[in-house]
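Peer 1: Sending over a structure as structure tokens; questions will come in a sec.
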Amino acid sequence: PFNFSAGPATLPEDVLQQAAAEMLDWHGSGMGVMEMSHRGKEFISIAQQAEADLREILSIPANYKVLFMQGGAIAENAILPMNLSRGARADYVITGSWSQKSAKEARTYCDVHVAATNEADLHTRMPAYGSWQLSKDAAYVHVCSNETIHGVEMHELPDLKALGSDAPLVIDCSSHLASRPLDWSRVAVAYGGAQKNIGPSGLTLVIVREDLLGRALPITPSAFDYQTVAKNDSMYNTPPTYAWYIAGLVFQWVKRQTEGALTGLAAVEARNIAKAALLYDYIDGSGFYENRVAVDCRSRMNVPFFLKNETLNDAFLADAKEAGLLQLKGHKSVGGMRASVYNAMPLAGVQALVDFMKHFARTHG
Ligand code: PLP
């Protein structure tokens with residue numbers, strides 16, 4: 001079977017096999033990873049290796065801290081303004097449900113200014129840069145670089161300087177983190193829940209430029225103060241040790257991927273491009289299905305699509321499940337179908353989906 005869930009989502013099979021093999025006894029330590037103290041040398045070696053591998057994969061500059069936190073991206077919607085806003089103004093760009101949620105939560109902690117929105121386009125394209133009204137004095141600018149529900153992705157991150165803002169750019173990249181390289185010259189903070197491309201739920205990654213530490217509001221819980229977390233190597237409180245370990249196995253998986261002459265993240269990205277092209281090209285040419293997102297804003301990770309005859313939705317889902325194609329139902333706010341094709345989804349999985357969709361269209365058209 002192939003699992004198209006938006007998250008928690010499919011993970012590489014060899015990673016899960018390795019985790020299963022190490023479940024009771026990690027590297028002859030006599031302990032499973034779940035049973036280890038986070039202060040012991042075994043877990044510290046796992047933690048450090050995972051961070052080093054993530055830094056290598058994403059080419060994270062030395063002046064950024066990598067924090068392994070908890071609470072998911074929804075908690076970050078509050079933790080971020082507590083840490084960065086100083087209670088002043090912050091700009092938010094609305095591109096879909098997730099950025100909308102971020103802006104709403106931040107209102108408790110700072111003066112949220114909606115700098116741009118694509119609501120009039122029903123979240124089917126990025127708001128044109130010409131429409132962005134950035135503040136002169138924003139503490140930061142927040143965007144969601146891949147809207148998981150609406151299937152809209154920023155293929156290039158905004159260059160805030162070119163748009164007239166000196167504010168640091170913050171991205172919620174939950175659903176495409178580690179699917180492509182990140183341009184650190186444009187990003188000051190990147191955060192995301194792990195449960196898509198990285199590992200199990202319970203772990204939140206926050207990658208933050210060092211000069212932004214130490215600004216937290218006095219009300220910030222100490223376990224959520226980026227400076228405290230950074231100073232303690234993400235071990236101020238007990239971190240989600242098992243999720244951190246699995247994330248480390250996934251980072252090693254990313255590093256060993258090859259695609260022609262490409263290796264590591266470049267190979268993973270090339271495969272993601274090929275998978276998305278296969279699916280979108282079929283949908284566009286089918287006459288039976290449609291994707292409503294502007295072509296240059298389509299997500300490589302989350303592909304919402306509709307049957308033109310929506311009375312067939314239930315039959316489509318039932319037959320897909322029968323064919324081993326799981327969790328294709330669209331988010332309730334959008335309807336239709338959604339195929340999430342994260343890093344661990346092989347091209348063969350997308351091919352199986354396209355073959356099924358063709359067959360369904362032939363027999364129901
Ligand atoms: N932001 C984005 C882009 C997401 O895709 C999700 C979850 O799907 C969230 C935020 C919320 O994440 P969590 O449930 O881990 O808090």
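Peer 1: May I ask you to list, by number, the DSSP H helices of the chain whose Cα span along the axis is at least 18 Å and whose average Kyte-Doolittle hydropathy reaches -0.5 or more?
Peer 2: Those that pass (Cα extent of 18 Å or more, hydropathy at least -0.5) are 41-58, 241-256, 264-286, 347-364.
Peer 1: Follow-up. Roughly how far apart, in whole Å, are the Cα centres of the range 328-365 and the range 100-118?
Peer 2: Using only Cα atoms to place each centre, the spacing works out to 33 Å.
Peer 1: Determine the calculated [θ] at 222 nm for the chain from helices alone, applying -39500 (n - 2.57) to every DSSP H run no shorter than 4 residues and normalising by the residue count; nearest 500 deg cm²/dmol. Spell out each step's value before the answer.
Peer 2: Numbers: 9 runs with 123 residues, N = 365.
Roughly -11000 deg cm²/dmol at 222 nm, from the helical runs in the chain.
Peer 1: Starting from the Cα of Ser59, move 7 Å in the Cα-to-Cβ direction to define the label point; list residues of the range 180-196 whose amide nitrogen is under 14 Å from there.
Peer 2: Residues 180-187 qualify, since their backbone N sits under 14 Å from the label point.
Peer 1: Based on other C-beta atoms within 10 Å, arrange Cys173, Cys110 from fewest to most.
Peer 2: Listing Cys173, Cys110 from fewest to most nearby Cβ atoms yields Cys110, Cys173.
Peer 1: Could you check what % of the DSSP bridge pairs in the range 13-255 are antiparallel, to the nearest 5? Kindly include the intermediate steps, with their values, before the conclusion.
Peer 2: Details: 13 of 28 bridges.
So the antiparallel bridges in the range 13-255 amount to around 45 percent.
Peer 1: Classify the range 117-264 as rounded, prolate or oblate, taking a ≥ b ≥ c as the square roots of the eigenvalues of its Cα gyration tensor: rounded when a/c is under 1.5, otherwise prolate if a/b is larger than b/c and oblate if not.
Peer 2: It comes out oblate by the Cα gyration axes.
Peer 1: At 0.36 nm per residue, minus the direct Cα-Cα distance, what do Asp314 and Gln48 gain on full extension? Give it in nm, one decimal, please.
Peer 2: Working it through step by step, the gained length comes to 91.1 nm.
Peer 1: With a Förster radius of 22 Å, plug the Cβ-Cβ distance of Ser29 and Thr238 into 1/(1 + (r/R0)^6) and report the FRET value to the nearest 0.05.
Peer 2: 0.75
Peer 1: At a Förster radius of 25 Å, what calculated FRET efficiency corresponds to the Cβ-Cβ distance of Asp159 and Glu290, to the nearest 0.05? Intermediate values should be presented prior to the final figure.
Peer 2: Numbers: r = 32 Å, r/R0 = 1.29.
Computed FRET efficiency for Asp159 and Glu290 comes out at 0.20.
Peer 1: Okay, next question. What FRET efficiency, computed as 1/(1 + (r/R0)^6) with R0 = 25 Å and r the Cβ-Cβ distance, is obtained for Ala261 and Tyr129, rounded to the nearest 0.05?
Peer 2: Result of the calculation: an efficiency of 0.10.
Peer 1: Once both labels are modelled 7 Å past Cα along the beta-carbon direction, what's the Lys231-Ile273 spacing in nm?
Peer 2: 4.5 nm
Peer 1: Now for a separate question. Take the alpha carbon atoms of the range 1-78, find their center, do the same for the range 205-219, and report the distance between the two centers in whole angstrom.
Peer 2: Taking the Cα centre of the range 205-219 as reference, the centre of the range 1-78 is 22 Å away.
Peer 1: Excluding residues fewer than 8 places away in the same chain, name every one of the lysines whose C-alpha is closer than 28 Å to that of Lys41.
Peer 2: The reachable lysines, counting only those whose Cα sits under 28 Å from Lys41, are Lys65, Lys231, Lys255.
Peer 1: Please label the shape of the range 13-255 as rounded, prolate or oblate, based on the square roots a ≥ b ≥ c of the eigenvalues of the alpha-carbon gyration tensor (a/c under 1.5 means rounded; beyond that, a/b larger than b/c means prolate, else oblate).
Peer 2: Prolate is the answer for the range 13-255, as a/c is 1.5 or above and a/b outweighs b/c.
Peer 1: For the range 185-201 and the range 257-318, what is the separation of their C-alpha centers, rounded to whole Å?
Peer 2: 22 Å
Peer 1: Residue by residue through the range 166-172, which ³J(HN,Hα) values in whole Hz follow from phi under the Karplus form 6.51 cos²θ - 1.76 cosθ + 1.60 (θ = phi - 60°), with glycine and proline marked x?
Peer 2: 9, 6, x, 8, 10, 10, 8
Peer 1: Treat each spin label as a single point 7 Å out from the Cα along the C-beta direction, and report the Ala75 to Gln17 distance in nm.
Peer 2: 3.4 nm
Peer 1: Just grab the label-to-label distance for Ile219 and His113, each label 7 Å out from Cα along the Cβ direction, in nm (one decimal).
Peer 2: Those two pseudo-labels are separated by 2.2 nm.
Peer 1: GNM on the chain, C-alpha springs below 10 Å: top fluctuator among Val303, Val341, Val229?
Peer 2: Most flexible of the set in this elastic network: Val229.
Every number here is computed from the coordinates shown, using simple stated rules; none is lab data. Keep in mind it's a predicted model, so treat the numbers as computed, not measured. All Cβ positions, glycine included, derive from the backbone under ideal geometry; neighbour counts span all protein chains shown.
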